[in-house]
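First up is the structure itself, then whatever we jot down about it.
The values are calculated or read from the model by the stated rules, or taken from the named source; none is laboratory data. As the structure is a prediction and not an experimental result, all values here were calculated from the model. The area values use the complete protein model at the heavy-atom level, side chains included, leaving out ligands, DNA and RNA. Shrake-Rupley method; radii C 1.70, N 1.55, O 1.52, S 1.80 Å.
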Amino acid sequence: MNRIEVLIVDDHPLFRRGIRWSLEEERDIRVVGEASDAQEAMRAADMLSPNVVLLDLNLPGMSGLELCRVLKRRHPQAAIVVLTMHEDDEQLFSSIRVGASAYCTKDIDPAELVSVIRRVARGEYLINENVLSRPFVASRVLDQFRELAQIDEVSSGVFSPLTPREVEILDCVARGNSNKEIARLLNISDQTVKNHITSILRKLAVNDRTQAVIYALRHGWIKLSDEPDPTNQK
């Protein structure tokens, strides 16, 4: 059986030890290393090539978000689970931009953390479940994809934007509508809504798409305002 190899990055030894203890009984998971800061984490990742990195956002020196960006560039196959003390929309949106696979608070139940590790190791992007439950973040992601779609019309086709129907559904999600409400509003079945949302999540989750967004942001092709547009109430 191929075991999931995990790297723990946190500046609190007791917290790292607690995670290690929580995972010791899992036969399919093995903690291969620990790091207390970004430099240690990069060296460990380069040496160990873990499947999953559990990453504290509040690290000394380089922030956890910037470290996530670096690790995804150097080890795109590694799934990164961001750990934070408190949920925050801005942190969540930034975690999406830098390629995190999941966004969890540190009071997560150990059994749930085990489930998260297994799912992200299979290639799932649980962070999108957070997105769809946060209208403000969903709205910002939607704006970003609209801008990417406009860029795509005049570019060489690097980006693969959402379809018009997917944008319409994400618009509904950003307004806080449930699947049933979206189905009623668009006169389609609940299953069709679920199928579209699955497609949206897949497009939001693909590694190269995340990296494409980061590349576009870094080169100034897209701009993200600090506040949601109050006039955008479609």
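Accessible area per residue for region 45-91, computed on protein heavy atoms with a 1.4 Å probe, is 43 Å². Normalised by the number of residues in region 89-130, the average gap of Cα pairs under 8 Å and 6 or more apart makes the relative contact order 50 percent.
Its Cα gyration tensor gives region 14-58 an equivalent ellipsoid. The semi-axes, each the square root of 5 times an eigenvalue, are 18, 14, 8 Å from largest down.
With viscosity 1.002 mPa s and temperature 20 °C, the Kirkwood radius over alpha carbon pairs of region 26-117 converts through Stokes-Einstein to a diffusion coefficient of 161 µm²/s. For the residues 106, 194, 72, a 1.4 Å probe over the protein chains yields an accessible-area ranking, largest first, of 194, 106, 72. Per-residue 3J(HN,Hα) values for region 70-81, derived from phi via the Karplus relation 6.51 cos²θ - 1.76 cosθ + 1.60 with θ = phi - 60°, read 5, 5, 5, 6, 7, 9, x, 6, 7, 8, 10, 9 Hz in sequence order (x marks Gly and Pro).
Amide H to amide H, with H built 1.01 Å from N, residue 80 comes under 5 Å of 53, 101, 102, counting only residues 5 or more places away or on other chains.
Note that region 52-66 has calculated 3J(HN,Hα) couplings of 9, 10, 8, 10, 6, 6, 9, 9, x, x, 4, 5, x, 5, 5 Hz, one per residue in order, obtained from phi through the Karplus relation 6.51 cos²θ - 1.76 cosθ + 1.60 (θ = phi - 60°); glycine and proline are x. Close amide H partners of residue 31, meaning residues 5 or more places away or on another chain with modelled amide H under 5 Å apart, are 6.
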